[in-house]
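**Student:** Just passing along the structure, written as structure tokens.
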Amino acid sequence: MNLSSPTGTARSPLARFIVTVLLWLPVTFAVWYVVAPVLMFAVRILGMLAVLPLGDLVSVIEQKGSALVFVTTLRAGQSAQAGGLVSVSVNGLLYSFGMPMFAALTLAAREPRRWVILALGVVALLPFVTFGVVADFLKNVAITSGPLVASQTGFSAAQREMIAFAYQFGTLILPTVTPAIVWVVTHRAFLERMRGLTVPR
Amino acid sequence: MVDLDEDARRRRASAWRRCSFLVGLVAFLFGLELTPWAQRWFVEPWTTALAQISTSLVTLFDSGVTATGKVIASTSSGFAVSIEAGCNGVEATIVLIAAMIAFPAPWKHKLMGLAAGIVAVQGLNILRVISLFYLGQWDYKVFEWAHLYVWQALIMLDVLVVWLIWVRTLPGARDDRAPPSPPAAATASA
């Protein structure tokens, strides 16, 4: 592969694809940033479903732009009267930045029905974004908020360990890996064609 | 036609099996990475080495930079960056390892691909660390954007590109002078 040579770039479909992805990235990042509040509205709905098994721990999830605010029933102080209710704000962008990457890859592949694939892919990624957002919230109330608040959640030590792992996995792995996997799954024909063409020598 | 459908079904099932294996392997390797043993003997030394390598490269053109543990600092501006989990390239390497193990290929090719791939991923990660170090001194908002969103996506894109290049070098990949598969045939076999 010869990226520096115009002829080489023209010859290698993979090099051409990579260059096209890089050209699409600024556009998709800009669009993602603008439409993030809409995406977070969907994540908020999914988040409300995700916290249902937690009983009355979360009273409501509010949205402020791209941030979701989990208003809990937990008290910030020791007694029932002391302190207000604990609220946790989670930046949804931290868990959805893989979407512009997915969009750039999809648009650069130029497959038939790419806009449908793009829309379906974004929808498929929403549950994973929700997972990261909810895990972030749980990490805050169960681990980093301190013993006063954490003790009210009633989570066992094993559950706190699971929450810590879910948070790490939802932060470091899922936001980047799931868009790549969804793209590979939705572009098998493209990948097979790409595999059929070896790098020019 | 029936055979083609059957073949397509088999290939689809195989692709889903591989994807499930990939996700399981990533989760397993990531869990392994989080153990105190792996942190102490692998992640922390690697992160320190990454800071040292990045600083060595930076000092070729900027002598006012030092590394202490996993922290890179500018002696002139006082700005410093600490290389934390997610920025040391370990997770990206885990994904690359899992992707190459999950894809059917001779082990010789997997090992060669891993060696070259890890160098490529970590090479770009060094560029990420150095660029963030200077972006932070220039504009903190730009640094935050690049750090939290852009570079994360670029590193995973690097993993994907390395994997694509590796897949194209595997036995069975056709010569570049051969014509590409007709789209209809490719779609049918997906």
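The values are calculated or read from the model by the stated rules, or taken from the named source; none is laboratory data. Bear in mind the structure is a predicted one, so any value in this text is a computation, not a measurement. When we count neighbours, we look across all protein chains shown, and the Cβ atoms used for this are built from the backbone with ideal geometry, even at glycine. SASA here: full protein model, heavy atoms, side chains in, ligands and nucleic acids out. Shrake-Rupley method; radii C 1.70, N 1.55, O 1.52, S 1.80 Å.
**Student:** For an R0 of 45 angstrom, estimate the FRET efficiency from the Cβ-Cβ distance between B:TRP138 and A:VAL123 and round to the nearest 0.05. It would help to have the intermediate numbers written out before the result.
**Tutor:** Values: r = 38 Å, r/R0 = 0.83.
Using R0 = 45 Å, I get an efficiency of 0.75.
**Student:** List the residues whose amide H sits under 5 Å from the amide H of A:GLY92, counting only those 5 or more places along or on another chain, with H placed 1.01 Å from N in the peptide plane.
**Tutor:** When sequence neighbours closer than 5 places are left aside, the close amide H contacts are A:ALA67, A:LEU68.
**Student:** Another one. Can you tell me which of A:SER89, A:SER59, A:SER156 moves the most in a GNM of chain A? Springs connect C-alpha atoms under 10 Å apart.
**Tutor:** For chain A, modelled as a Gaussian network with Cα springs under 10 Å, the answer is A:SER156.
**Student:** Two decimals is fine: what is log10 I(q)/I(0) at q = 0.27 Å⁻¹ for the range B:1-54, from a Debye sum with one equal scatterer on every Cα and no solvent?
**Tutor:** -0.94
**Student:** Still on this structure, I have one more. Just from its helices, what would the mean residue ellipticity at 222 nm be for chain A, if runs of 4 or more DSSP H residues each count -39500 (n - 2.57) and the sum is divided by every residue, rounded to the nearest 500 deg cm²/dmol? Please report the intermediate quantities before stating the final value.
**Tutor:** Numbers: 9 runs with 126 residues, N = 201.
Only helices count here, giving -20000 deg cm²/dmol.
**Student:** A further question on this structure: Given a 1.4 Å probe and every protein chain left where it sits, what share in percent of the accessible area of the range A:76-201 is carbon and sulfur? Each step should come with its number before you reach the end.
**Tutor:** Details: 3350 of 5270 Å².
Accessible surface attributable to carbon and sulfur in the range A:76-201 totals 64 percent.
**Student:** Can you tell me which of A:THR178, A:THR144, A:THR106 moves the most in a GNM of chain A? Springs connect C-alpha atoms under 10 Å apart.
**Tutor:** A:THR144
**Student:** Right, another one. Using only alpha carbon positions, build the gyration tensor of the protein assembly as shown, then give the equivalent ellipsoid semi-axes as the square roots of 5 times its eigenvalues, largest first, whole angstrom.
**Tutor:** Numbers: eigenvalues 280, 156, 80 Å².
Working from the Cα gyration tensor, I get semi-axes of 37, 28, 20 Å.
**Student:** Loop sites only, by DSSP: take the trypsin sites (Lys or Arg not before Pro) in chain B that have at most 15 other C-beta atoms within 10 Å and name the longest stretch containing none of them. Provide the component values of the computation, followed by the final result.
**Tutor:** Numbers: sites that count: B:ARG174, B:ARG177.
For trypsin sites (Lys or Arg not before Pro) (loop position, at most 15 other Cβ atoms within 10 Å), the longest site-free span of chain B is B:1-173.
**Student:** Quick one: which bits of the range A:97-132 get at least 30 Å² less accessible when the partner protein chains are in, versus the chain alone, with a 1.4 Å probe?
**Tutor:** Buried on complex formation: A:PHE97, A:MET101.
**Student:** Next question, about the same structure. Can you give the mean number of other chain Cβ atoms that lie within 10 Å of the Cβ atoms in peptide B:157-164? Please list the in-between numbers first.
**Tutor:** On the way: counts 10, 1, 3, 10, 5, 0, 3, 7.
What the average comes to for B:157-164 is 5.
**Student:** Roughly what would the spin-label model give for A:LYS64 and B:HIS109, points 7 Å off Cα along C-beta, in nm?
**Tutor:** In this crude label model, A:LYS64 to B:HIS109 measures out at 5.3 nm.
**Student:** Identify the trypsin sites (Lys or Arg not before Pro) of the range A:84-142 meeting these criteria: DSSP loop state and at most 14 other C-beta atoms within 10 Å of the C-beta. Don't skip to the end; give the middle numbers.
**Tutor:** Values: sites: A:ARG110, A:ARG113, A:ARG114, A:LYS139; in loops: A:ARG110, A:ARG113.
Sparse-neighbourhood loop trypsin sites (Lys or Arg not before Pro): A:ARG110, A:ARG113.
**Student:** On to the next question. Most mobile of A:LEU118, A:LEU172, A:LEU54 per a Gaussian network model of chain A (Cα springs, under 10 Å)?
**Tutor:** Judging by the Gaussian network model, the answer is A:LEU54.
**Student:** Leaving out ligands and nucleic acids, and using a 1.4 Å probe, what accessible area per residue does the protein assembly as shown come to in Å²?
**Tutor:** 49 Å²
**Student:** Same structure again: With N residues in chain B, what two-decimal value do you get for its Cα radius of gyration over 2.2 N^0.38 Å? The partial results should precede the final answer.
**Tutor:** Details: Rg = 20.7 Å, N = 190, 2.2 N^0.38 = 16.2 Å.
The reported ratio for this selection is 1.28.
**Student:** Quick one: which residues, 5+ away or cross-chain, put their amide H under 5 Å from the amide H of A:SER59? H built at 1.01 Å from N.
**Tutor:** For A:SER59, whose amide H was placed from the backbone, the distant partners under 5 Å are A:VAL71, A:THR72, A:THR73.
**Student:** Let me ask something else. Explain nothing, just the number: relative contact order of chain B, from Cα pairs under 8 Å at least 6 residues apart, as a whole percent. Don't skip to the answer; put the middle values down first.
**Tutor:** Details: 144 pairs, mean separation 43.9, N = 190.
With pairs under 8 Å counted, the relative contact order is 23 percent.
**Student:** Here is a follow-up. First compute the accessible area of chain B with a 1.4 Å probe, then give the percent of it belonging to carbon and sulfur atoms.
**Tutor:** On the way: 6810 of 9860 Å².
Ligands and nucleic acids excluded, carbon and sulfur give 69 percent.
**Student:** To continue, here is another question. If DNA, RNA and ligands are ignored and the probe is 1.4 Å, what is the ranking of A:MET101, B:MET112, A:MET48 by accessible area, most exposed first? Could you put the intermediate results ahead of the total?
**Tutor:** Values: A:MET101 5, B:MET112 115, A:MET48 70 Å².
So, going from the largest accessible area down, we get B:MET112, A:MET48, A:MET101.
**Student:** Just to be sure I understand: if you take the accessible area of chain A alone plus chain B alone and subtract the pair, with a 1.4 Å probe, what total do you get in Å², rounded to 100?
**Tutor:** Details: alone 11170 and 11840 Å², together 19070 Å².
About 3900 Å² of accessible surface is lost on pairing.
**Student:** Sticking with this one: Round to the nearest 10 and give me the degree value, 0 to 90, for the angle of helix A:98-109's Cα axis relative to the longest principal axis of chain A.
**Tutor:** With both axes taken from Cα atoms, the answer is about 20 degrees.
**Student:** Averaged over its residues, how many other protein chain Cβ atoms are within 10 Å of peptide B:19-25's Cβ atoms?
**Tutor:** Shielding by partners across B:19-25 averages 2.
**Student:** Could you tell me the center-to-center distance, by alpha carbons, between the range B:1-66 and the range B:77-137 in angstrom?
**Tutor:** With the range B:1-66 and the range B:77-137 each reduced to a Cα centre, they are spaced 8 Å.
**Student:** Please calculate the 1.4 Å probe accessible area of A:ARG193, with all protein chains present, and give it to the nearest 10 Å².
**Tutor:** 50 Å²
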